[in-house]
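Read the structure below first, then the notes.
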Amino acid sequence: MTVFWQILIDGFAISSLYALGATGFALIFGVSGVLNLSHGSLMVAAVVAAWAAGDSLHVGPYTGAAIGVAVGFSLSMLTYFVVVSPLQHTRKIREEEKEIFILTATLLWGIMIQQLIAYFYTDNAKTVAPIVQGVIKIVGVRTPANEIFTAIVCGLAIAILWLLVNRTRAGKAVLAASMNPRGITLLGVELSQVYVAVWAIYGVLVGVAGVLLGMFLGISSYSAGPLTASAFSIVVLGGLGSVPGALIAAYVVGYLETITAYLISPAYRTIPALLLLVAVMYVRPRGLLGRR
Amino acid sequence: MQIPTARLLLIGLGAIVLASFLPLWASGYILGLLTIAYYFGVFAMAWDLLFGFAGEVNFGPTFLIGVGAYTAGILDNLYQPPIWLCIAAGTAAAITGGLVLALPALRLRGPYFGLTTLVAVLILQNLIVVDAHLTGGEIGLTVPDVISISDTTNYLIALWFMAISGAILFSLSRSPVGLILQASGQDAVQAGALGFNVTKHKLTAFVISAFFSGLAGTLMVFYLGSASVGTFIDITVGVQIIISAVLGGRRTILGAVLGAIFLIAMSEALRPLGDLSNFIVFGMALIVVLIYPNGFFGLLTRTREDV
Amino acid sequence: MSATERAHLEVTGLTKRFGGLVAVKEMSLSVAAGKILGLIGPNGSGKSTVMKLIMGIERPDGGSVRISGVEVCGWPSHRIARMGAGIVFQHSRPLHRQTVLENIKLALLPDKLTRLFADPQTDARARAIAARVGLTAVLDRRPGTLPFADLRKIEIAKAIARDPQVLLIDEPFAGLTARETAAFSDLICELRDDGRAVLLVDHNVKSVSRLVDRVIAMYVGERIAEGSADEVMRNETVRRVYLGGTIETAARPESSFRDAATPFLEIDKVSVHYGKAQALEQVSIHVHEREFVAVVGLNGAGKTTLFNTISGLLPYAGEVRRQGATLRGQSAAAIARGGIVQCPEGRELFVDMTVRENLDLGGQHLPTEESGAQIEWLFELFPILRDRQRQAAGTLSGGEQQMLTIARALMMKPKLLMLDEPTLGLAPVILEQISKALERLRQTTPITVLLAEQNVTFALPHADRVYVLEHARIVWEGDPAKFAAEGGAGLL
């Protein structure tokens, strides 16, 4: 019976982390139309920055986390201004081919970041000192307090994002831009400002998700690929362009992985989710709640 | 202004013949490097055919290559049949993989197909790591047989294999069938209205791309004497293949070879910098994508009509 | 019918549904060898869908299509093409990386995987076809370098390459000059004289009336009239569908507007191109402050292009001036914030958001209280929106959506409101309500309105002045009474 609770709690924590990362990924696709294949690298960069801050500058866990988030934010803005925006506006590439070029460029960019991190910090796994230490007993299961903290922070972040998008004027403009860019332009909103805002929010989300992940597991530059893969698997499952869909899919995937790891073997943890993804792509490529 | 097919083939033949004399003074190290580059050239040409001519972006060319390479390698490990049988089996497996990949392709639009190909690679990677007893897992697989231990022999085999593959693929691209494939890729509705069975042609493009990818992959296994996730399957390898084709010039077929040689040579030259070498190479590739999306060949044959 | 008169193309009971929408309903037509049939209708009438169904590009849900007696309904397009049908699409789609000659050769190729070498005859045949349509001079050039008319010629060459018995042409003259149109007409007549059955699809009868033997008019997926070109142009139902009913006017003379020297909005010799096609040619109009100006014209005339140009969404040659100052260089959003607001033809509502949220977005540049007050005023103008305010915009009826679009634009407190075909596809009852709302705006607010419409009956009572836009050019300007007197005869 304890296994059941362990799965429930562990699964919830990891799903929440996935949800946070996937939400950002879905947001960028929904509003900006970009599948950012450097997603995982941005998260890893945030973790490594937080770790490096703790390691070389000997700052406390809170400061380290803040530095990690700041790095995530900066890299996200860089990604937009250096890689994505020039390609979106260039005249050298046919419109139909732009999507593919942007995909390739973000992939390249992600690998570049990954290699740079490996060069300066080696590819050994790093963990970040958790903000919350110790162990709590929930329903008889000994759980690291950190897991609870992670789940809470993720939930808070997603809630704040929801409030932002659904209750503020600026947030609603962003939501409207994702539904109908021309419509919102005709209402006097500069799309370029919307894009910058969205990538900024994304940067913060990615930074927070990365740092939390680093407190949870060991992260190395090798993790970048699988992290991107899991984010887009989740977003495709939930339906490209649907943030609620991504949220639901994150929990589906998170729990699938946890159940597999506990009941079958940790080595096979990613397989069921991938198989589900293949099935979805064959049968219902739109995903759960997909729009586009 | 398109350089006429016959002239390009002649220039190519000349270059190949010259290259055949390289073993006379080049070291084993350089020959080995070029051997890998030539196989990579075939990977990139096969990718270019699928992209340029069937209009499908394959983000996981290593799926087809890996299926071919590992099938051949595992077969050799288990039963030690003659090498040519392993090669044939590997290629057949790759073609099957190509058909499997083609099925969703013909139904999916836009980024979905690209993602499917990425997912295919991930699944293959996971399967290989998980079935370590068969595949050698993350460490890799060694095969008992190799084609030859002579650097020169291996080099010449790779060179002429690439030459013949290139000639076939290039002639295909310039032939009437190539024209139909281009039409199918650029505008499927129009191609149908002109009387072409687009599905049939796209499937064929997949099979051809899979054939050459798989064959090159199996040959490379029996050159290296080993296969691992890092050399055949990893996304990084796939990206290098795509970059080779893009650097050389999309839809030129021959450009892909130039791109592959450049990439491998560059990576090797920068090796002393360690992990930074990859960073620089990919950085250059990014700059090309951003500023010169038409690649080498694109710069050479640039016309104002081309966007 | 004798053997020689047997219809090459026979369509019976053709039906197509897209989800819940019936795009084509029990359509029947037949075209004999050596005859030209015109299929006309406004946007959304289903005429292009009929063409695609015949060609197999869309799968029919019911009915029969026979080409030279053979049933081809349900066949994939490539088989129908090989059976003897050719189609010229509305938009040119050449292979950009191939020469004109190679584009034509493509159309001559068999559907075989094994052809590695070109048949020597193909070259000669391709050249012959090119000569027929008039492309000999440009055979070795790439499509990107060619003028618009040549691109259309390439499309015709491809369609007739394998000598089809049935030829389908969508909007044959769109984007062509008067001289080019005459040349194309002659070409189509020649092709018809070869003994082919030709189906022309277009918006208006006038452009194809010289060529066709018979015309069928469509509306909302069904046939509404059939006969000679003249008969259909004079048909009551057709005129009502295109133009509305009888016309009343209530114009204020131009001299009554105070800004005579510098009109509020000036469009000065504006030209716009879509790729190679000319969408607007040296268009000049002006609008005075508080004036209501109508721009009438059929689909494809250029009304939407004009509005999008003013809104800053398209590159253009010429000048657009607001109170004497040029708008060039301002972003589309800035122009909107500056008080020139468009209600686009496609409405562009945020369908998953509520009515209230859509309105709030319109008012986001206003302080909250002012926005709230404006919404109240709009609820009075369009009471139905108050009832529906918590409903998702996508669930509203067409008329309600149009009212929401107008209301949302009014939230921006525009100085100039541009309405692009607000009555498209709406029932008469809704038209009444919108008409009343427009009247109220005219009487009680200082707003300036530019109205683009095909429905002349709706537009004229609200207009102080009328422009007629036809094939990218302004062809008439004057007061509504004069326009009504001339019966808008030239329009159709």
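Once a ≥ b ≥ c are taken as the square roots of the eigenvalues of the Cα gyration tensor of the stretch C:325-460, is the result rounded (a/c under 1.5), prolate (a/b larger than b/c) or oblate (a/b not larger than b/c)? Because its axes are fairly even, with a/c under 1.5, the stretch C:325-460 counts as rounded.
Computed about the Cα centre, the dipole magnitude for chain C is approximately 1240 debye when only Lys and Arg (+1) and Asp and Glu (-1) carry charge, each at its Cβ. Taking amide H as placed 1.01 Å from N in the peptide plane, C:ALA23 has its amide H under 5 Å from the amide H of C:LYS16, C:ARG17, C:PHE18, each at least 5 places away in sequence or on another chain.
Ranking C:PRO480, C:PHE458, C:MET418 by Cα position along the charge dipole of the stretch C:333-492, where only Lys, Arg, Asp and Glu carry charges on their C-beta atoms, puts C:MET418 farthest toward the positive end. Bridging of A:LYS172 to lysines at a Cα separation below 21 Å is possible for C:LYS413, once same-chain residues fewer than 8 apart are set aside.
The phi-based Karplus calculation (6.51 cos²θ - 1.76 cosθ + 1.60; θ = phi - 60°) puts the 3J(HN,Hα) values of the stretch C:81-86 at 4, 5, 6, x, 10, x Hz, whole numbers, x for Gly and Pro.
Let me have the relative contact order for the stretch C:3-243, percent, based on Cα pairs under 8 Å that are six or more residues apart.
Values: 463 pairs, mean separation 69.3, N = 241.
Reported relative contact order: 29 percent.
What pairs from C:LYS206/C:LYS303; C:LYS415/C:LYS436; A:LYS92/C:LYS276; C:LYS52/C:LYS158; C:LYS25/C:LYS158; C:LYS16/C:LYS153 go past 27 Å between their alpha carbons? Could the numbers behind the result be given before it?
Working: C:LYS206/C:LYS303 18 Å; C:LYS415/C:LYS436 20 Å; A:LYS92/C:LYS276 18 Å; C:LYS52/C:LYS158 17 Å; C:LYS25/C:LYS158 31 Å; C:LYS16/C:LYS153 31 Å.
Pairs exceeding the cut-off: C:LYS25/C:LYS158; C:LYS16/C:LYS153.
Tell me which of B:LEU8, B:PHE282, B:GLY248 sits at the most positive position along the dipole axis of the stretch B:5-300, charges placed on C-beta atoms (Lys, Arg +1; Asp, Glu -1). Towards the positive end, the residue furthest out is B:LEU8. Taking every residue in B:274-283 and counting other chain Cβ atoms within 10 Å of its Cβ, the average works out to 6. For a straight C-alpha distance cut-off of 18 angstrom, the lysines reachable from B:LYS200 (same-chain residues fewer than eight places away being disregarded) are C:LYS112. Dipole magnitude for the protein assembly as shown: computed about the Cα centre from +1 point charges on Lys and Arg Cβ and -1 point charges on Asp and Glu Cβ, it is near 580 debye.
Dimensions of the stretch A:64-183 based on its C-alpha atoms, expressed as ranges along the principal axes with the largest first, amount to 60, 44, 24 Å. Please give the Cα centre distance for the stretch C:196-249 versus the stretch A:56-108, rounded to the nearest Å. Answer, in whole Å: 56.
Where in chain B lies the longest segment free of chymotrypsin sites (Phe, Trp or Tyr not before Pro) that are both loop residues by DSSP (not H, G, I, E, B) and have at most 12 other Cβ atoms within 10 Å?
On the way: sites that count: B:PHE21, B:TRP25.
Longest gap between qualifying sites, sites excluded: B:26-307.
What percentage of all Cα-Cα pairs in chain C are separated by more than 45 Å? Don't skip to the answer; put the middle values down first.
Numbers: 23791 of 120786 pairs.
Summing the P(r) tail past 45 Å for chain C gives 20 percent.
Specify the longest stretch of chain C that does not include any exposed loop site, a site being one of the GluC sites (Glu not before Pro) with a non-H, G, I, E, B DSSP assignment and at most 16 other Cβ atoms within 10 Å. Counting at most 16 other Cβ atoms within 10 Å as exposed, the longest clean stretch of chain C is C:1-247. Expressed per residue, the C-alpha convex hull volume of the protein assembly as shown stands at 190 Å³. For the pair C:ASP230 and A:LEU164, a Förster radius of 51 Å applied to the C-beta separation gives a FRET efficiency near 0.20, rounded to the nearest 0.05. May I ask you to list the aspartates and glutamates whose Cα is less than 17 Å away from that of A:LYS137, ignoring any residue fewer than eight positions away on the same chain? Of all the aspartates and glutamates, those that pass the test against A:LYS137 - Cα under 17 Å, at least 8 places apart if same chain - are A:ASP10, A:GLU147. FRET efficiency for the C:ALA427 to B:LEU270 pair, using the beta carbon distance and R₀ = 60 Å, is estimated at 0.25. The stretch C:21-58 and the stretch B:205-280 have Cα centres separated by 51 Å.
Using Cα pairs under 8 angstrom and six or more residues apart, how large is the relative contact order of the stretch A:1-151, in percent?
Values: 137 pairs, mean separation 48.4, N = 151.
Once divided by the residue count of the stretch A:1-151, the mean separation gives 32 percent.
Each residue of the stretch C:458-464 is assigned a 3J(HN,Hα), and the resulting list reads 6, 6, 4, x, 9, 9, 8 Hz, derived from the Karplus form 6.51 cos²θ - 1.76 cosθ + 1.60 (θ = phi - 60°), x at Gly and Pro.
Taking amide H as placed 1.01 Å from N in the peptide plane, C:LEU426 has no amide H partner under 5 Å among residues 5 or more places away or on another chain. Centroid-to-centroid, using Cα positions, the stretch B:46-109 and the stretch A:174-245 are 34 Å apart. Compute log10 of I(q)/I(0) for chain B with the Debye formula, placing one identical point scatterer on every Cα and leaving out solvent, at q = 0.10, 0.11, 0.12, 0.13 Å⁻¹, to two decimals. Each listed q maps to, in turn, -0.53, -0.65, -0.78, -0.93. Taken one residue at a time, the phi angles of the stretch B:152-159 give Karplus couplings (6.51, -1.76, 1.60, θ = phi - 60°) of 5, 4, 4, 4, 5, 4, 4, 4 Hz. Gly and Pro are set to x.
Each of C:PRO94, C:VAL272, C:PHE173 was placed along the dipole of chain C (beta-carbon charges, centred on the mean Cα), and the one lying farthest toward the positive end is C:PRO94. Amide H contacts of C:CYS73: C:VAL65, each under 5 Å away and 5 or more positions distant or on a separate chain (H built 1.01 Å from N in the peptide plane; Pro and chain starts excluded).
Rounded to the nearest 0.05, the FRET efficiency derived from the C-beta distance between B:TYR79 and A:LEU78 at R0 = 56 Å is 0.60.
Just so you know, all these numbers are worked out from the coordinates, no wet-lab data involved. Bear in mind the structure is a predicted one, so any value in this text is a computation, not a measurement. Note that we place each Cβ from the backbone using ideal geometry, even for glycine, and neighbour counts take in every protein chain shown.
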